[in-house]
1. Within a 10 angstrom radius of the beta carbon, how do 375, 117 rank from fewest other beta carbons to most?
2. For the chain, with a Gaussian network of springs between Cα atoms less than 10 Å apart, report the residue from 210, 11, 359 with the top mean-square fluctuation.
3. List every residue whose amide H lies under 5 Å from the amide H of residue 134, counting only residues 5 or more places away in sequence or on a different chain, with H placed 1.01 Å from N in the peptide plane.
4. For the chain, list the cysteines whose Cβ sits under 4.7 Å from no other cysteine Cβ?
5. With each label point set 7 Å from Cα along the Cα-Cβ vector, what nm distance links residue 289 and residue 77?
6. So for 160, 53, fewest C-beta neighbours within 10 Å to most, what's the order?
7. From the alpha carbon gyration tensor of the stretch 2-253, can you work out the equivalent ellipsoid semi-axes (sqrt of 5 times each eigenvalue) and give them in Å, largest to smallest?
8. For residue 353 and residue 216, what does the FRET efficiency come to when R0 = 30 Å and r is the distance between their Cβ atoms, rounded to the nearest 0.05?
Amino acid sequence: MKKIGIYVHFPFCVSKCNYCDFNSFANMDEYQQDYFNALIKEINQYSNKKILVDSIYIGGGTPSIMFDGAISTLMSELRKSFIIDSDVEVTIECNPNSVTIAKAREWKESGINRVSVGLQTASNNLLKLLGRKHTKNDYINAVQIIKSVGFANINTDCLVGLPRQKLSNVKHTLKLVKKMDCTHISVYSLILEKNTKLEELINNHKLYLPKEEKTIGMYNFALQYLKECGYDRYEISNFAKKGFECRHNLNTWKMGEYLGFGAGAHSYFNDFRYNNLSSIDKYIKAINSNISVIENKEKITNSEKFEETVMLGLRTKYGIDIDEIKQEFKIDLLKTKKDIISKLIANGFINLVYNKIIPTNSGYSVLNKIILELVS
Ligand SMILES: C[S@@+](CC[C@H](N)C(=O)[O-])C[C@H]1O[C@@H](n2cnc3c(N)ncnc32)[C@H](O)[C@@H]1O
Ligand code: SF4
């Protein structure tokens, strides 16, 4: 039986953070109920009892601000529409200031078994600068609540390379996350997204990004510290205690199939990649008028699939398997890229282990170059 992941998107947020260009909107809560009804209709349309779902990711936006009962209804509708693995991993993303005991209990009782908390930084000044509405103490309180109702698998998202961020702040943030005993930590380097408030502030010289060497220093600290604390870097930005790697994200990096539901959600299924309308209003109207919510749909060619397999596979500690690539794409990298592979090994950027190409930590810092050399 074919195994897939499911992604469900909730695009509502209390306010829009300065740096965020995800499909998320503030002050749209009056649409929550209509959106939710449309979402359930979309899920029911895809009902398929011939595929097995082994991971569900409820992301956003901020799923934790959905009205009471939304998450438990969502979970029971997913169970009605698909065969859900008894060992399924179910993640919900939340912002620290919207976690309550009642919500956490609802998540636990509805079968969610992994909670991802967006801390970003433990500095209240930096949180304010980013336009976030929570404090460090809200984070501590949220994790305590999540643990108190019995969740054992908790992720925390952190950011490095923020304006006015110092190495001492990164140390303080990661030490706090370690103290809270999270099983998984994502450490993202800030991406300055176009048309965000942060980009405007930087373009107008109101704020400055740290120099590249400083951000590299912050990341290097994270690598060393998290390793010492027993977190394994299993993907370029993701660190986990043994056995707590995120199955949903691993599925994506390994080119596994997934269905995405909700406004702006992406899917990869039967060799097609597609994405839904991103506007909340248009999404609801399309569903209610029985019009497709798919905005773009394209079949992935074999050469695109090869490139994506290399690009995504090299992000992880499992790397890319030369024999599997030879079998699936009829490309023998050891022959076609012999000199390049030797050079990358000699420069310490990759290792070749049991016919798998795996980037080293220095390789991760030049990953785009490595990918380009292997696929071009
Ligand atoms: C889209 S958010 C959803 C979770 C939740 N709303 C939150 O903000 O914590 C998922 C994660 O993406 C990361 N992220 C968002 N914008 C980013 C950016 N511009 N650069 C790097 N990471 C970003 C943050 O770490 C965030 O926790
Ligand atoms: S809360 Fe999360 S999704 Fe919402 S705007 Fe902030 S970073 Fe984006």
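Throughout, read-outs are computed from the coordinates displayed, never taken from laboratory work. These numbers come from a predicted model, not from an experiment. Heads up, the Cβs are rebuilt from the backbone with ideal geometry, glycines too, and the neighbour counts pull from every protein chain shown.
1. So the ranking, lowest neighbour count to highest, is 375, 117.
2. Comparing 210, 11, 359 in the GNM, the peak value goes to 210.
3. Placed amide hydrogens put nothing under 5 Å from residue 134.
4. Cysteines of the chain left without a disulfide-compatible partner: 13, 94, 158, 182, 229, 246.
5. Between residue 289 and residue 77, the label points sit 2.1 nm apart.
6. 53, 160
7. 31, 21, 17
8. 0.70
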